[in-house]
Amino acid sequence: MSRLMNRRDFALGAAAGALAVSFPEGRARAALAPLKIGVLLPRSGFQALFGQGAQRGFEVAVKVVRDMGVEIELINADTESKPEVARTQAERLIRDGAQLVSGCFDSGQTAAAAQVCEQHGVPFLINIGADPAITEQGYKFVFRNFPTSIMLGSGSLKLMGELFAATHTAPKTAVLMIINDTFGQGFLKGLNALLPKSGLPFQIVETISYDPQTKDISIEVAQAKAAGADLHLAVTRLNDGILMIREMVKQRYEPMGVISPGAPGFYERQFIKVLGKYAEYNYSINPWMDPKQELTRELETAFYKEFPDQSFDLNIGFSFEAVMIAANAYKRAGSSQPQALVEALRATDIPKRVMVGGPIRFNEKGQNVDTGMAALQIRNEKPTVVLPAANAELAPVFPVPSWTQRG
């Protein structure tokens, strides 16, 4: 070796080695100029923690794919957690030379950015954003690696069935507390359509919607408690999720368990840090990194070398995969021209990935239908995969201990 490698270099190099199968052979590094990716995320506003987390995934990914011969230049923009700002910032990214745009985490912001990119003929690669309507518009320049809310709902119901089978339980009733934003509305529509056909043992006896920016959720939690259901389903964001659990503890509301089916919040580092022992044993069913995959382990090592005090979660995984997909397409296309990139994206076939699921491929609508789901349970202050069994790190616990018996 021409020089000694420090531990950080080794971690990044190892991740690049695991990633090699995802890149085609071909052009030398010098043959391609840097691909300019516009990264549109909520860096401020009430979703700032999610956007800032996703940004770290983009940054680590740039360093990893560089070792595969693809240079990426990030052009960053802030949606301020507002769809109207996402639209104007997407316009700005394109004016500033972005050859591909990625984002936005929130479905409303993502939908606004998708319209802009389609109008300008610039490829838009969704890292996170679940509204099914986004890939039902007949867009030619929009691609999504993240599951739709219908996929999240069906995957969550399937894993709930596996959870009850694995723990020999059968809750009969459930209450659903759900945010009333674009994501929540899309999720509720899908859940209402899917649940009657799911074969699950429970029925939802009360549905309670609320503003995710609320500062007081006591009335809604009291209403949920009064329903007397066996199971509490919670479709939240981060801050309202924290408020919800705190209020459940305060009101001594203790169902068999709390499950967040396909929503953000419960797996977040801040959720665990703020709630402490009360975060333990709560469930989140989400797309997640596959702990059994070599690429996941190497990426996690590389991530913690860069950001030792931050959370390695799905925001990181999907942002990393967005860059991996873009770099893969760029290297195959050999050009940053929009039509060449779009044709390469349509032909994407990446067998080795970070997230649970099959190969990364896009259907005729630009949707990857092969991303899977995992049941996570907070155990020892960490989101831990407990299902599917093939990917599990620990066995699931359900019913969960009472609030006073945790920690």
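The values are calculated or read from the model by the stated rules, or taken from the named source; none is laboratory data. Keep in mind that what you see is a predicted model, and the values were worked out from it rather than measured. Using ideal geometry, Cβ is built from the backbone for each residue, glycine included, and neighbour counts are taken over all protein chains shown.
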Residue identified as touching a residue at least 12 places away in the same chain (Cβ under 8 Å) and either under 17 Å from Y267 (Cα atoms) or buried (at least 24 other Cβ atoms within 10 Å of the Cβ) (or both) among A344, A326: A326
Of all residues making up segment 86-114, the number that are closer than 14 Å to Q55 by Cβ and part of a loop (DSSP other than H, G, I, E, B): 2
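Of the residues F46, F23, F58, only one is at pLDDT below 90 and closer than 26 Å to A86 by Cα; which? Write out each step before concluding.
Values: F23 fails: closer than 26 Å to A86 by Cα; F58 fails: at pLDDT below 90.
Among F46, F23, F58, only F46 is at pLDDT below 90 and closer than 26 Å to A86 by Cα.
Within segment 230-241, is there a residue that is part of a helix (DSSP H, G or I), assigned by TED's automatic domain parsing to the domain that holds G186 and either in contact with a Leu (Cβ under 7 Å, 6 or more places away or on another chain) or on the phi > 0 side of the Ramachandran plot (or both)? Can you show your working first?
Residues of segment 230-241 part of a helix (DSSP H, G or I): 238-241.
Narrowing the set further to residues that are assigned by TED's automatic domain parsing to the domain that holds G186 leaves 238-241.
With either in contact with a Leu (Cβ under 7 Å, 6 or more places away or on another chain) or on the phi > 0 side of the Ramachandran plot (or both) added as a condition, the list becomes 238.
Within segment 230-241, one or more residues are part of a helix (DSSP H, G or I), assigned by TED's automatic domain parsing to the domain that holds G186 and either in contact with a Leu (Cβ under 7 Å, 6 or more places away or on another chain) or on the phi > 0 side of the Ramachandran plot (or both).
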Evaluation of E300 against (1) in contact with a strand residue (DSSP E or B) (Cβ under 8 Å, 6 or more places away or on another chain); (2) part of a loop (DSSP other than H, G, I, E, B); (3) among the acidic types (D, E) (one fails), failing number: (2)
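Within segment 243-259, is there a residue that is outside the structural domain of N180 (by TED's automatic domain parsing) and buried (at least 23 other Cβ atoms within 10 Å of the Cβ)?
Restricting attention to segment 243-259, the residues satisfying the condition of being outside the structural domain of N180 (by TED's automatic domain parsing) are none.
No, there is no match, as no residue in segment 243-259 is outside the structural domain of N180 (by TED's automatic domain parsing) and buried (at least 23 other Cβ atoms within 10 Å of the Cβ).
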Identity of the residue in segment 46-85, of a type in the set (D, E) and part of a helix (DSSP H, G or I), that ends up nearest to the chain's Cα centre (by Cα): E59
Failed item, numbered, when G357 is tested on (1) modelled with pLDDT under 95; (2) in the same structural domain as K158 (by TED's automatic domain parsing); (3) not β-branched (V, I, T): (2)
